[in-house]
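Comments concern the structure below.
Any read-out appearing in this document is the output of simple, stated calculations on the displayed coordinates, not a laboratory observation. Since this is a predicted model, take the numbers as computed values, not measurements. Positions of Cβ are generated from backbone atoms using ideal geometry, with glycine treated the same way; all protein chains shown enter the neighbour counts.
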Amino acid sequence: MKHIVSYSGGKDSTAMLLKMIENNMPIDEILYCEVMATPTLGAEYPEKYEYLDRVDEYLMQSIGKKITRLKTNISFEEQFYTKKQKGKYKGKIYGFPWNLGAWCNSNLKLKPINKYLKNKGEYISYIGIAYDEPKRYERLEENEKAPLYEWKMTEADCLQYIKEKGLYNPLYDKLKRVGCWFCVKQSLDSLRVLRKDYPELWNMLLKWQLDSEVVFRTDYSVQQLEEKFKKEELIKR
């Protein structure tokens, strides 16, 4: 039986990984799926990749292992412009994912992970579900475990713990969550940061929205967000 840590690089999965090491729990592999925004650009904020390298250094020193980094076969942008082959929207490009049942998670993350794990035989997958996420915990499969939930560690506990271990991610100084920069589920505050601090990435969102029949958010297109944020800036002046 193999013991595989499902790792995202966020505060919860990092806290779980570090606590597992502290408790001398078995770890055979730390699995991270690197989604690409375009064939040459990653889906994470630039600082996230620097952080993953820091975690790798810690892992090598503590347990002599590094993160296994899977890469998707197709980027978000390539899937975005792929035309649908059947159904009501046949012939139309995918465009932005719907908020519910988003194709990005299933096509870009779960597919490569499941394909990789098929060759692993029997394994236990350790997932970073905090104590204040009971609904996620209830959906666990038989071979999945959530140590954080069992330790009753909340998201706030996880953030404090990685600070204490010297592996705090500075992205949390300006973002509550550090997922893909083009995620349709992120908060308005997160999008304000994206526009202000990463204008080249924001401009890509603006371009994609022009080609997508699906609106970026259920309440705003990217262009509408641009106007909203501009007005907010004018009011502050």
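So in the stretch 206-236, with the set limited to residues that are more than 30 Å from Lys84 (Cα to Cα) and not acidic (Asp, Glu), which one is surrounded by the most Cβ atoms within 10 Å (Cβ to Cβ)? Here the answer is Phe229. Would you check if Asp219 is among the acidic types (Asp, Glu), out of contact with any strand residue (DSSP E or B) (no Cβ under 7 Å at 6 or more places or on another chain) and in contact (Cβ under 8 Å) with a residue 12 or more places away in the chain? The answer is no for Asp219. When the stretch 1-18 is limited to residues that are of a type in the set (Gly, Ala, Ser) and not in a strand (DSSP E or B), the one that is nearest to Asp157 (Cα to Cα) turns out to be Ala15.
For the stretch 43-74, a tally of residues being farther than 16 Å from Ile162 by Cα and crowded, with 18+ Cβ neighbours inside 10 Å returns 5. Looking at Leu175, is it touching a Ser or Thr at 6+ places or on another chain (Cβ under 9 Å) and farther than 24 Å from Cys104 by Cα? Here the answer is no, as Leu175 does not meet what is asked. Just one residue in the set Gly87, Gly95 is part of a loop (DSSP other than H, G, I, E, B) and surrounded by 14 or more Cβ atoms within 10 Å (Cβ to Cβ); that residue is Gly95. Return the total of residues in the stretch 162-172 being closer than 24 Å to Ile124 by Cβ and touching a Lys or Arg at 6+ places or on another chain (Cβ under 7 Å). The number of residues fulfilling the criteria is 2.
Residues of the stretch 156-199 being more than 30 Å from Gln224 (Cβ to Cβ) and outside any loop (DSSP other than H, G, I, E, B), which ones? Selection gives Ala156, Asp157, Cys158, Leu159, Gln160, Tyr161, Ile162, Lys163, Glu164, Pro170. The residue that is nearest to Thr14 (Cα to Cα), counting only those in the stretch 110-148 that are aromatic (Phe, Trp, Tyr) and outside any loop (DSSP other than H, G, I, E, B), is Tyr126.
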